[in-house]
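Scroll down for the structure; my scribbles are underneath it.
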Amino acid sequence: MNRKVLTLLLGLTISCATLNAQDTKKSELQQTAEAAQTIPAARYNYIRAYEDYVNKGQMQQGIECGTKAASLYSKDGLHKEAFELLRNIDQTINAKGGANSAGLHYLVTKERLQMYMKFRKPDSAKEQLKIMEAQANASNDEKVKNDLLYSKAIYYYSFGLNAQGDAVFKEMANKLTASKEYDKVDEVYKQLIANGRKSNNASMVAQSYSNYLAWKDSTNALKHADEIAALKKQIADNEASIADKDSSLTTRWVIIVGLLILAGALAAALVVGAIILLRFILQTRKQKKIINLEKDNNALKAKFISNISAQLDPTLQKLDSSKPEVKALLDFSQHIQTLSELENSTDEIELEETQIPPFCESLMDQIRDKVKRDVTLKINAPKMTIDMNKEYVSHILLHLLNNAAEYTPEGGTIWLEYKKRSAHTHQFLVSDTGCGIPEEKREDVFKPFLEIRDLTKGDGLGLPICKQMALKMNGDLEIDPEFTKGTRFVLDLHS
């Protein structure tokens, strides 16, 4: 037992030393990028680290930093800049990549794949997968080939091709399991489940979780068999060693007794481990059932609330709508129905050609008589025409402008801006110099029914409805965390 403890401690010491050695290999620029607090700062330093590594001939580290910078461009909505940076990295690899060019190109193509998957473009993503397969074969690197299998599985699950995803993922898991790399398979399963949760892909999470439990059950049996076989071999080797050395009978008995104690301790440890594992599996399956039940209950609750709202509406219409309380109830009922319809509707969003300047002017005109004294209204809208759902965009921007008019003090400023971020990405920005929204409340403003409210002062459903409309248009609505002079809402639209 002491020898095993010493070996374990020595292994941990060596592992820590290895990790520290790897950390010291990172350049100061890369460490600065990893510690950056904002996306622009991190992106800037990753680009500098990429250029520095390439100039020093450290291509692997350089390409990893370069693709990280491209990922941050994409995360910030600057997709044109991201693709341009990836093209430059490919050119650099062609010039300086050397024998490992195929493996380096693979990293660049993988980043393009992830971007196309984010855009929900299966054909473009599939084309990148074909390129990655050729690059993986050319690299003759087993790690790259394993990563290709992982990327294929992510692609298939992301676009609902679960049968193909299962086949590829099973091939990868079997490959690593055969080489007894159980921890790697476990890590890959967990990463796949995490990716599914991050992308809100419930089907992918459920399928991956089910496969993970099945694999875990079978692997535990293999592990136990390996441990028992190793123990038997250890006992046989020690017995042979005892016979070869022709030790005294006392010495032999001491060793045999020690081995029996060790075997008993290991057997007890295996039993305890099996019990713990069984409890974990049972608890996990129970939690899975609870999660599925909660999802079903939430769907029923949403339908129930919508039905109640629809049933109350005819009665509310008969009341005196001039009273603030009645009007608040009518508005609340309408908002609930609108939110429910947005969450459950699967209809296609219709687009119409819209000229940006007059569209922005008409919205700003609707709040001119609502702002406080000396508040300046500014519009920054280039002469452009885009295709968008005018009804949803008007609703969102007008709601944001009305909020800005309410919270911007005398002498303040309200902006309405339009920016074209890339060929397929547009942004509307509504900013004000009001008191701003506390950081700890920024995520909650888009969530409905978080607190009990006086309905005459607002029901808190305006921003959640706007958020759902943005998502229905394949876009998003967020608060800009870097704007500190008040509040800035950013409406992203993807065509």
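Here are the numbers:
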item	result
Spacing of the two label points (7 Å from each Cα toward its C-beta) at I131 and Q31, in nm	3.5 nm
Trypsin sites (Lys or Arg not before Pro) restricted to DSSP loop in segment 22-63 with at most 13 other C-beta within 10 Å	K25, K56
31 Å Cα-Cα threshold exceeded, pairs from K121/K216; K26/K485; K126/K447; K152/K288	K121/K216; K26/K485; K126/K447
Chymotrypsin sites (Phe, Trp or Tyr not before Pro) within segment 41-98: DSSP coil, no more than 10 neighbouring Cβ in 10 Å	none
Two-site FRET efficiency, E353 against I256, from Cβ-Cβ distance with R₀ of 60 Å, rounded to 0.05	0.10
Qualifying aspartates and glutamates (Cα of each under 17 Å from Cα of K56; at least 8 residues distant if same chain)	E28, E64
Cβ-derived FRET efficiency at R0 45 Å, K370 paired with D123, nearest 0.05	0.45
Dipole of segment 86-140, positive direction: furthest Cα of S139, L129, L113, with charges on the beta-carbon	L113
Residue-by-residue Karplus 3J(HN,Hα) for segment 332-337, coefficients 6.51, -1.76, 1.60, Hz, glycine and proline x	5, 4, 5, 5, 4, 5
Dipole axis of segment 368-472 (+1 Lys, Arg; -1 Asp, Glu on Cβ), positive-most option in L377, Y407, C466	L377
Cα gyration tensor, segment 395-478 - rounded (a/c under 1.5), prolate or oblate	oblate
When each of K145/K190; K143/K233; K118/K472 is checked by Cα-Cα distance, pairs over 23 Å	K143/K233
For segment 16-106, accessible area per residue (1.4 Å probe, heavy atoms of protein chains only), Å²	53 Å²
Coil-residue trypsin sites (Lys or Arg not before Pro) of segment 359-390, DSSP, other Cβ within 10 Å capped at 11	R368, R373, K383
Segment 104-226, relative contact order [Cα under 8 Å, separation at least 6], %	16 percent
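The values are calculated or read from the model by the stated rules, or taken from the named source; none is laboratory data. In this text, all values refer to a predicted model and were calculated from it rather than measured experimentally. We place every Cβ from the backbone using ideal geometry, glycine too, and count neighbours over all the protein chains shown. Areas reflect the complete protein model, heavy atoms only, side chains present, ligands, DNA and RNA absent. Shrake-Rupley method; radii C 1.70, N 1.55, O 1.52, S 1.80 Å.
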